[in-house]
Structure formats: C-alpha cells, structure tokens
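Student: Below is a structure I'd like to ask you about.
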Amino acid sequence: PGVSIMPVQVGFGISDVLAGIAFAAQNRANVINLSMDLVYLEGYIEDYQDPDTQAKTLGYFLSERRQDEQVVDKVFAACEAMGAVVVVAAGNDTLPGDFGYFAHSPFSLAVGAVGMLKDGTIALTDFSNYGYMVRVSAPGYSVYSGVAQTPSSYDFAGGTSMAAPHVSGLAGLILSVNPKLTPQEVRQVIIASAFSEGKEGGLRWHNEPRWAEKEMDSWRKAYLLLLGKDEELLLDHLAQYHMLSLIPTERNFIW
C-alpha cells in the first residue's frame with residue numbers, strides 16, 4: 001500500500017544504465033530494481049563450466065568485472081547514501097554471480113531464480129547464477145508478466161530478471177512498515193528471513209553436483225581461512241556484504 005512505480009527506460013550500455021540508476025536515486029526512489037546483467041561470450045561460459053578449462057578462462061571473467069566495477073560501486077554506494085536499496089538479477093549463465101559487477105558490489109542485493117519441481121520441491125533453476133554474493137533467490141521460472149510487444153501483452157517468462165522484482169517488491173513492503181530502515185538493514189531483513197534448507201546454506205541446485213549445495217558456505221569459510229580466523233565463525237552483516245571486496249584477487253583460492 002502506498003508504493004508507486006517509477007519506470008526508467010535505459011539501454012544496455014553501462015553508461016546508460018548508470019545514468020538511469022542515478023536518475024531514479026535523485027528522484028527519491030527507495031528501491032531500484034535491475035533486471036539485467038552482463039552478456040558473456042558463449043564460448044567462455046562453456047569453457048568455464050568444463051573442469052578441464054575452467055582455470056584458463058577465470059581471467060576472462062575477472063577482467064570483464066574489473067572494467068567497470070569501481071564506477072558501479074561508486075554509483076551503488078551513492079544510491080545507498082541517498083536511501084535507495086539496489087536489487088539486481090544474478091544472471092542466467094550457470095556461473096558464479098560474483099563475476100558480474102552488479103552482483104559483486106557490496107552495495108547491492110543479488111537475486112537467484114528458483115522454481116518448483118514436479119514433486120513440489122522448490123529448487124534453484126538449472127540456469128541461475130550462484131555464489132556467495134547471490135544472497136537470496138525468488139521465483140524465476142514460468143512467471144506470468146508483462147512483455148514488450150503491445151501495452152496489454154502478457155506471457156510466461158523465466159530468468160533471474162523475473163526473480164529480482166519479487167525481492168524489490170518485498171523491499172518496498174518492508175519500507176512501508178518501517179521507512180526508517182537503512183538500505184543495509186533492508187537487505188539484512190530479507191536475507192535473515194529467507195528460508196534455507198540445511199546448515200550448508202541455500203536450496204538444492206537440482207541439476208548440478210552436490211558441491212553446489214555447499215557453495216555459499218564455502219565462500220564464507222574461504223574468507224575466514226584467508227584472514228586466519230576460525231572457519232566456523234559467524235560473520236556479522238557488515239562483514240558479509242564486504243567479504244569478496246576485501247579478498248585480494250590473487251589470494252582468492254576458492255576460485
């Protein structure tokens with residue numbers, strides 16, 4: 001109740017997107033939804049998903065992220081300072097979402113996509129990106145939504161672009177109850193109240209090996225080990241958001 005929509009049309013160039021984000025924040029948007037992500041070359045995606053060539057292609061993804069991550073972080077940080085929660089789609093490449101500068105930013109909340117299996121189990125879709133900075137997931141399979149054909153066109157669609165607006169809507173509901181919450185506190189409320197299956201953190205990724213179930217916990221443990229701390233230590237919310245940003249690339253042995 002009381003929530004209004006501010007549609008901001010942008011192109012896919014990073015400068016256009018950042019200009020749209022700045023426009024929304026300057027016009028007092030409380031929640032900014034980004035249902036878009038980087039487009040990677042298909043050959044590199046296939047090479048990364050192949051264990052034999054994964055290490056060789058890692059540099060490509062990191063170099064792609066480095067190109068614009070500093071300016072993205074600055075814009076997202078400015079949005080947070082102005083009171084806007086930034087929610088981003090994690091991507092649909094079955095890759096670590098942390099490769100994308102939108103999801104990697106400590107000032108955003110990256111969203112994966114879940115769907116319902118035939119047996120009624122809710123599980124991560126076989127296309128959703130994953131990783132520590134993909135903190136929550138939402139419905140992203142066979143979602144009935146508007147499509148850009150005619151003003152009255154609706155159809156079923158899938159992807160993390162469909163999942164992120166669910167979380168953006170939730171952020172709006174949270175702020176309607178307590179408008180004094182900071183963007184960081186809104187993110188923490190969403191993450192803390194999400195359902196999780198088991199101590200390993202995260203829903204079962206039904207099309208992938210069992211290591212995927214432990215993916216999120218692995219990021220946390222790796223971070224603590226790199227800092228020389230007890231790997232079972234729980235992190236406070238500030239440390240979690242800045243975790244990947246604090247690990248030098250050359251020391252990020254989890255990759």
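The values are calculated or read from the model by the stated rules, or taken from the named source; none is laboratory data. Note that this is a predicted model, so its numbers are computed, not measured. Please note: Cβ atoms are built from the backbone with ideal geometry, for glycine as well, and neighbour counts cover all protein chains shown. When the accessible area is computed, the model is the full protein with side chains, heavy atoms only, and any ligands, DNA or RNA have been set aside. Shrake-Rupley method; radii C 1.70, N 1.55, O 1.52, S 1.80 Å.
Student: Restrict the check to the stretch 65-77 and report whether at least one residue is over 28 Å from Ala25 (Cβ atoms) and either in a helix (DSSP H, G or I) or open to solvent by 50 Å² or more (accessible area, probe 1.4 Å) (or both).
Tutor: no
Student: Against the definition (buried (at least 23 other Cβ atoms within 10 Å of the Cβ), assigned to a loop (DSSP other than H, G, I, E, B) and under 14 Å from the mean Cα position of the chain (by Cα)), how does Gly91 come out, yes or no?
Tutor: yes
Student: Now, a different point. With the structure loaded, tell me whether Met36 is part of a loop (DSSP other than H, G, I, E, B) and either surrounded by 14 or more Cβ atoms within 10 Å (Cβ to Cβ) or in contact with a His (Cβ under 8 Å, 6 or more places away or on another chain) (or both) or whether it fails that test.
Tutor: When the stated conditions are applied, Met36 passes them.
Student: Which condition from (1) closer than 19 Å to Val85 by Cα; (2) of a type outside the set (S, T, N, Q); (3) outside any helix (DSSP H, G or I); (4) open to solvent by less than 40 Å² (accessible area, probe 1.4 Å) is the one that Arg28 breaks?
Tutor: (4)
Yes/no per residue for (1) open to solvent by 10 Å² or more (accessible area, probe 1.4 Å); (2) in contact with a helix residue (DSSP H, G or I) (Cβ under 8 Å, 6 or more places away or on another chain):
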position: Met82; (1), (2): yes, yes
position: Leu95; (1), (2): no, yes
position: Asp98; (1), (2): no, yes
position: Val114; (1), (2): yes, yes
position: Asp126; (1), (2): yes, no
position: Tyr130; (1), (2): yes, yes
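Student: Being over 18 Å from the mean Cα position of the chain (by Cα) and closer than 22 Å to Ser176 by Cβ is true for just one of Ala78, Ala29, Ala84, Ala55. Which residue is that?
Tutor: Just one listed residue meets the conditions, Ala29.
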